[in-house]
Structure formats: C-alpha cells, structure tokens
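Here is the structure we will look at.
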Amino acid sequence: MFIIWKSIFKRKTTWVLMVLIPIVLGIVIYPLVKDTMSQVSVPITVVDQTDQAITEELLTEIEDRPFQVTKMDSLDLRLLSTGEAEAIFVFNDEMEANIFSGNTDEIVTWYRTENSYVDGLFKEKLASAIMSRVVRAEAASIVSHYRPEADWDEVYQYGLKYFEPRPIFEMKFEQISGAQNTSSNTNDSENRLLFIIMWLYLSMLIGYFTKILYEWRTDGILERLKLLQQTQYYYWSWFIGVLAITYSFSFVAIQLIEVPLNNWAYFIPFGTVLIYFLFFILVKKKWSMYAWLISYSVASFIIFLLADWQIIESEWMYLFIPTWLLG
Amino acid sequence: MLQLNNVSYRKSKSDLVNSVSATVHAGDRLTIFGPNGAGKSTLMRLMAGIIKSTSGTIMYNDSLQTKNAIGYIPQQLALFENLTVKEHLRFYQKMTGNNSKSFMNEMIETLQLKDFWNKQIDELSGGMKRKVNLAVGMIQQPKIVFLDEPFVGVDLAAKHDMLNWLNQLNSRGITIVFVTHDWQVIRELASKMWLMENGELLQKTTVDEVVEDRVELTGVSTALDKMVSFHRT
Ligand SMILES: Nc1ncnc2c1ncn2[C@@H]1O[C@H](COP(=O)(O)OP(=O)(O)OP(=O)(O)O)[C@@H](O)[C@H]1O
Ligand SMILES: [Mg+2]
C-alpha cells in the first residue's frame, strides 16, 4: 500500500493536481462564495463596558439575521475601517438604570462610516427595543405611583398588558419572507454550481490516478504482480487510497461550499471512483477510457445543471452521478 | 516439467501463437528463436501463466504449482520510474516472502546493484535498468524462469557476470527459458532451441545442431534463414 502511494506522490504532477489546482480553483471560487455570504450577513459590533443584563436581552430580541453581532467590552474604531464591522453601537455604562428611570438621553452612541449601508436597520430595531422598555418602565412608575401595593418589577414585566395600545413611536419591523427566500435560493443554486465544478475537478483527479494504473499495466508491472498473485493487493491499495483522497477533498469542499446534502450525496465520490475503476478493468486502451470519461464528465455537468433548473426531471438522469445530489 | 498441447492464442482474429505442442524438461536451457513478431513473447507469457491460451492446454507438474515457482522477466522494464533500486527489491522481497539472505547477496553481488542502490529508476542508464529488471524477476528464487531479452543494452562485462550466475543457477537445478537475438548469449546459456515464425513452432532442435548446420530448414522465411545462418559470421 505504502510503496505504491510513495511512487505516486513522488510525481510532480500529483502535487500540481492536488495542491496547485485546488488553490487556483479556490482563488476563483472563494470570492464567489464570499460574495454571496456578505449579502446575507452584516457584521455589527456592540460595546458594553459594564456587561449589563439588558444588553443580552436587547440583542436576543433583535433577531440575528441578517446581522452578525459581536459583543465587546471596549471600543475599537479600526473595525470600521477594516470592514470587520459595518457599524459600532456603544452602550452607556448606566444604560439599564437610565432606561428604567425613563431617561433616554445619549444612552447609545452609533459609529458608522460612509460605506455603511445596512446598519440603519439595526439602529431602528435597537431603538424600537429600547423604546418599548422605556415606555414600560414609565408605565410601571405611573402604576406603582397610584397603586402603591403593586410591585414595580412585576408591572414592568407585564408592562404591555397594563399599557395598551402600543406607543405610536414604536416602529414595527417585518421581514418580507418572499424576498428572503429568493436570496437563499440563488445562494443554493450558486453553491450547486460550485459543487459541480468541484466534482469536475475530482473527476479529473481520479482520471489522473486511473492513468497511472494504465501506465503500470502497459509497463508490465501489473503482469509482474499477477505472476506473484498479488494483483488484488494492488487494486485494493489503489482503490482505498483514491477513495480516501476523494473523500478528503469532498469533505473540505463541502465545508466551504455549504451545499445541502441528501443521503445519496455521500455516495457521489464512491460512485465516481468506481466508474473509473470499472472503465480501467473493461476498457483496455487508455485513450478510449479518456474519450469515454471526458464525454461522461461533460455530459454529467450539463445534465446536472439542466436538472438543477428543473428542465429535465426523469429517472435516467441519475445515470450521471452528480445528479444524486438532487435526488 | 511443463507440457504444451496444441496451445493457441488468438487475438483480433489472428493467431499470435498457433497450435504449439512441446515439452520443457526440468533443468532445460532453452532458447526460443525467431524474427520480430514471431510470437516468442506471447508464447513465454502463456507458459508463465500471465495470459490464458484461447485453445489447447498447458500442464505443469507439481513442483511448478507452488507459490513463486515461476519467474518471468518481461521484455519491457516493468519498474516504478520514481522508486529507488533498494525500494524495488524490498517491496518485491516482502511480496514474495523470500528471506534467503545468501541468494539476495549473491544476486546483488553478481549484478553489482550496490553501485546504484539508492538511485531512482529514471536516473539509471538502460543497462542498469535491465539489471534491476532481472533482479526483481529473480528475487523469488523461482524453479523455472522465463527471460524475455534480458541483456539488451547490458555491457559485455556485466553480461558475462550475469551469464555466469544464470549458469550457476541452472547447475543448481533451475530451468531457464529465454528469448534473445544475441548469438553469444545463446552459445553460453542455451542447449535446446525452438525456432518460431508467424506464431508457429517450426522446429525443436539444439544449439549444437544449428551451429554445425545439421538442421533442415525448409519453408521458412529468408529472415529466419538469415538469422539462423548468422551464427557463422
Ligand atoms: N496486445 C496485443 N494485441 C494484438 N496483437 C498483439 C499484441 N501483442 C502483440 N501482438 C502481435 O502479436 C505478434 C507477436 O508478438 P510478440 O510480442 O509475441 O512477438 P515477438 O516474437 O516477441 O517479437 P520481438 O522479437 O519483436 O519481441 C506480433 O505480430 C504483434 O504485433
Ligand atoms: Mg518479444
């Protein structure tokens, strides 16, 4: 096992294919991925030096999506220039006390740059969450003033029950669900495009390893091993090694691409390796193998895209291995 | 030791080996002689059991049915381009499980493999590669060995050492079957001779008979006729 792979990894081409090409693909593909990612997440930094309980409460109320909120205990404006934060909100040390006493002057400071676009939405949500608390606190104060037997905390907790309707200056935010879905769909189909590109790469890599098997056959190395009744050993080493490499690459790629997987998807690398191996057993001439497999890979690529766009929807498309992802 | 009955090997509608019947006896020093494309390599591969005949049978006696009994040195250099000589020998030694130190040492000595022990195959000269090819095929210490043009490009001194060693092995009971176009090798290593052409085994004779012009060659091509008479010059 070891010696066979030692001989494979001593070839420069192996390294070019396994290191250089993934890097180049990554340079082309990663920005694509990153682009779609930045569309759906807005980095926001919240600074609270005294770590007040209300901060956590407010942040949970403001839904995470599409914001990616980081809590810090000191102000670092460099985050804005590096783009690590779209905006920074600094909470006053006394914010909790101020809210409860109904004092709303400068309890939050908002830092942004001219490049900040979508942080306004966060500001509105934050203001709304704070205002509802201020109003409830005021209501609780009034109630406990006129009905001394009532507990302030309790009234505050049930503030909204005591104080209907909602104050007019609370803005209400609704996410338009249709729009959200569309964007996540384009995201998925982009990821599937990345997936099929990755599959083409894997197919090429397995093709390269198969080419080495052909070379060993024409060089007579396989005959030599056949004489020693060791061909099985050879095939197994090759098969297991190629599977290990293929699955490792798939695993890493899936982490980056985040394409949703079904159960069949896990067999895609196995199926691809198996098809190459069967071709090696059945097709004696290296060039016939290439012709067949290039056609197969290109056909798979096209069929996969057509199936993804739902232009074709029939059982035979599953003859083309990558479509198992859609099954 | 080994008996061929009407053995044929057919591929793409032509007989590469056509109905060959013959016997190889234990201890034989046999050469198969004939022009390019005569089917010599194919016949050797059939006898070594690497390919299966499409018709006819090959019978092996019991001693050849054990593991590692048959050795084969292919005409191509069946070597890993980027592994060293040492790695090759270790790998095949492990694979065949032959742990005879004295045999290994004798072989390494005769073929002078130590001189390029840690070099990769693609850094070796043609003759050096031939030596490694031979060593790898002999490593299992076979009872019968088929050598397909083992000395191409090997210099005279090395060839001399290798012939000596093979003769020694033969005197210890190893059967040797080989193909070559080199009359010097034939004279030193062979006693029996099969003449082959167009997939057919035309004549089973001896080197002595050929050298003394006692063989009757009728109906053979001028190529084979020339080849047989070449020993005189
Ligand atoms: N894999 C193959 N498929 C089809 N024909 C083949 C194959 N291998 C060899 N042949 C043909 O079989 C014939 C005999 O080939 P073989 O290699 O046995 O000849 P040979 O006597 O060893 O020749 P040489 O002296 O050149 O080594 C040749 O005509 C060759 O073209
Ligand atoms: Mg030949």
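When B:Gly199, B:Gly173 are checked against the criterion of being of a type outside the set (Lys, Arg), touching a Gly at 6+ places or on another chain (Cβ under 7 Å) and open to solvent by 40 Å² or more (accessible area, probe 1.4 Å), B:Gly173 stands alone in meeting it. Select from segment B:139-165 the residues that are at pLDDT 95 or above, closer than 20 Å to B:Gln76 by Cβ and of a type in the set (A, V, I, L, M) and write down the one among them that is nearest to the chain's Cα centre (by Cα). Per the criteria, the residue is B:Leu147. Across segment A:211-241, the number of residues qualifying as aliphatic (A, V, I, L, M) and within 8 Å of chain B (Cβ to nearest Cβ) comes to 4. When A:Ala253 is tested against the conditions (1) at pLDDT below 90; (2) open to solvent by less than 20 Å² (accessible area, probe 1.4 Å); (3) within 14 Å of another protein chain (Cβ to nearest Cβ), the lone failure is (3).
One residue alone among A:Arg136, A:Arg147, A:Arg78, A:Arg112 is in contact with a Leu (Cβ under 8 Å, 6 or more places away or on another chain) and open to solvent by 70 Å² or more (accessible area, probe 1.4 Å), and that residue is A:Arg112.
Of everything in segment B:48-64 that is in contact with a helix residue (DSSP H, G or I) (Cβ under 6 Å, 6 or more places away or on another chain) and within 9 Å of chain A (Cβ to nearest Cβ), the residue that is most open to solvent (accessible area, probe 1.4 Å) is B:Ile51. Determine, yes or no, whether B:Lys67 is assigned to a helix (DSSP H, G or I) and either under 27 Å from A:Phe2 (Cα atoms) or away from chain A (no Cβ under 14 Å) (or both). Against the criterion (assigned to a helix (DSSP H, G or I) and either under 27 Å from A:Phe2 (Cα atoms) or away from chain A (no Cβ under 14 Å) (or both)), B:Lys67 does not qualify. Residue-level check: of (1) of a type in the set (Gly, Ala, Ser); (2) open to solvent by 40 Å² or more (accessible area, probe 1.4 Å); (3) within 20 Å of the chain's Cα centre (by Cα), B:Ser8 misses just (2).
Just checking, does segment A:82-97 include any residue being open to solvent by 70 Å² or more (accessible area, probe 1.4 Å), under 22 Å from A:Val42 (Cβ atoms) and assigned by TED's automatic domain parsing to the domain that holds A:Trp152? Yes, segment A:82-97 has at least one match.
Screening segment B:70-164 for helices (runs of 4 or more DSSP H) wholly inside it with 2 or more residues that are within 10 Å of chain A (Cβ to nearest Cβ) and of a type in the set (A, V, I, L, M, F, W, C) returns the ranges B:85-96. All conditions in (1) part of a helix (DSSP H, G or I); (2) open to solvent by 70 Å² or more (accessible area, probe 1.4 Å); (3) modelled with pLDDT under 80 hold for A:Asp64, with the sole exception of (1). In segment B:3-16, the residues that are within 14 Å of another protein chain (Cβ to nearest Cβ) form Cβ pairs under 9 Å with partners that are more than 9 Å from ligand 1 (Cβ to nearest atom), at six or more places apart or across chains, as follows: B:Lys11/B:Thr54. Does B:Lys13 satisfy being open to solvent by 30 Å² or more (accessible area, probe 1.4 Å), more than 16 Å from ligand 2 (Cβ to nearest atom), modelled with pLDDT under 95 and over 28 Å from A:Tyr234 (Cα atoms)? Taking the combined requirement at face value, the residue satisfies it.
Take segment A:1-11 and flag every residue that is over 19 Å from A:Ile206 (Cβ atoms) and either modelled with pLDDT under 85 or part of a helix (DSSP H, G or I) (or both). Selection gives A:Phe2, A:Ile3, A:Lys6.
The values are calculated or read from the model by the stated rules, or taken from the named source; none is laboratory data. Owing to the predicted nature of the structure, the values given are computational and were not obtained by experimental measurement. Ideal geometry is used to build each Cβ from the backbone, glycine not excepted, and the neighbour counts take in all protein chains shown. Side chains included, ligands, DNA and RNA excluded: accessible areas come from the protein's heavy atoms. Shrake-Rupley method; radii C 1.70, N 1.55, O 1.52, S 1.80 Å.
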